[in-house]
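Written out below as structure tokens is the structure these notes cover.
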Amino acid sequence: MTQAGEPLRWLLAHVDHDGDDCLIWPYARTGGGKGYAAVVIDKRTKGAHRIMCGLAHDDAPSKDHQAAHSCGRGHEGCVNPGHLSWKTPKENSDDKYVHGTMVRGEVQHSSRMKPHDIKTIRARRARGDFATDIADEYGVSSTSIYAIDRGKNWAWVQ
């Protein structure tokens, strides 16, 4: 069992880590122990990578900034301070896309469609089929169909 305060002491002991390899968090992680590093501070669970980023690079410029990983391995528990920096949500999403770690489309656990469905929906909308009819067939809202048609959702599918 982990002693109270031990994970925070570990972060403080590694804030000057200068190795190039990922520094993998040895304590609790999200996703059943396979995800992002997690630490409990003042009875609240927080991202250990966010705490490390704050320790190494000062506080976030705004409450919206996220601790982003240059290595693309945050989901594997990396807390290397050299791999962390504060980025806007858009910048962090752009990095996830580059790293290939962006969960989108059919990979997303709640997705009801596949790329071929998106192509079919766009073709049907181009023919003039009603969004409400298409939505009923796919079990989604007409708002989702409109977003697909306009390229707001599934924009990468051509």
The listed residue being among the β-branched types (Val, Ile, Thr) and surrounded by 14 or more Cβ atoms within 10 Å (Cβ to Cβ), out of Ile41, Ile148: Ile148
Residue, modelled with the highest pLDDT, within the range 129-158, restricted to residues that are under 12 Å from Asp117 (Cα atoms) and of a type in the set (Phe, Trp, Tyr): Tyr138
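Taking the residues in the range 21-43 that are part of a strand (DSSP E or B) and closer than 13 Å to Ala4 by Cα as candidates, determine which candidate is farthest from the chain's Cα centre (by Cα). Working first, answer last.
Restricting attention to the range 21-43, the residues satisfying the condition of being part of a strand (DSSP E or B) are 24, 29, 37-41.
Right, trim to closer than 13 Å to Ala4 by Cα and you get 39-41.
On the way: Val39: 18, Val40: 20, Ile41: 22 Å.
It comes out as Ile41.
Mind checking which residues of the range 124-158 are of a type in the set (Ser, Thr, Tyr) and touching a Pro at 6+ places or on another chain (Cβ under 8 Å)? Before you say what the answer is, go through the steps one by one.
Filtering the range 124-158 down to residues of a type in the set (Ser, Thr, Tyr) leaves 132, 138, 141-144, 146.
Of everything in the range 124-158, nothing turns out to be of a type in the set (Ser, Thr, Tyr) and touching a Pro at 6+ places or on another chain (Cβ under 8 Å).
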Meets criteria (assigned to a loop (DSSP other than H, G, I, E, B) and either buried (at least 18 other Cβ atoms within 10 Å of the Cβ) or touching a helix residue (DSSP H, G or I) at 6+ places or on another chain (Cβ under 8 Å) (or both)) for His17: yes
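The values are calculated or read from the model by the stated rules, or taken from the named source; none is laboratory data. This one's a predicted model, so the numbers in the text were calculated from it and none came from an experiment. Every residue, glycine as well, gets a Cβ built from its backbone with ideal geometry; the counts of neighbours run over all protein chains shown.
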